[in-house]
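Comments concern the structure below.
The values are calculated or read from the model by the stated rules, or taken from the named source; none is laboratory data. It should be emphasised that the depicted structure is a prediction, and the values quoted were computed from it without experimental measurement. FYI the Cβ positions are ideal-geometry reconstructions off the backbone, even for glycines, and counts take in every protein chain you see.
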Amino acid sequence: MSDEDIKQRRRCKCCNKLYDYAVQNSHSTRFFCEDCTDLSEPIRKVLATFNKRLVEIENQLKPPQKGSGAK
Ligand SMILES: [Zn+2]
């Protein structure tokens, strides 16, 4: 087993950025990337709310995938 097995690709709840979790010398947590862990909790909360809405809007803009969803 190498370190690579432990690392995980995660998406930050605040800024929607992809980051590697469980990297040495990184402050990132399970839910937030390194940049966002430095922010204070109220700010993270607001950003997470905005990000959630953005993701919802993005999903609505995407054309429905073929084969999925039987209508
Ligand atoms: Zn982030």
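Considering only region 24-51, how many residues are assigned to a helix (DSSP H, G or I) and closer than 19 Å to R9 by Cα?
The first filter runs over region 24-51 and keeps only residues assigned to a helix (DSSP H, G or I), leaving 34-37, 41-51.
Of the ones still in play, those that are also closer than 19 Å to R9 by Cα are 34-37, 48, 51.
Qualifying residue count for the region: 6.
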Q | Per-region count, region 52-71, residues assigned to a helix (DSSP H, G or I) and either basic (K, R) or touching a Leu at 6+ places or on another chain (Cβ under 6 Å) (or both) | A | 2
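For region 28-45, enumerate the residues that are within 15 Å of the chain's Cα centre (by Cα) and either more than 8 Å from the ligand (Cβ to nearest atom) or without any contact (Cβ under 8 Å) to a residue 24 or more places away in the chain (or both). Outline the logic, then answer.
Start the filter on region 28-45 by keeping residues that are within 15 Å of the chain's Cα centre (by Cα), which leaves 28-37, 44-45.
Result: S28, T29, R30, F31, F32, C33, E34, D35, T37, R44, K45.
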Q. Which one of these does S40 not meet: (1) at pLDDT below 95; (2) loosely packed, with under 14 Cβ neighbours inside 10 Å; (3) among the small types (G, A, S)?
A. (1)
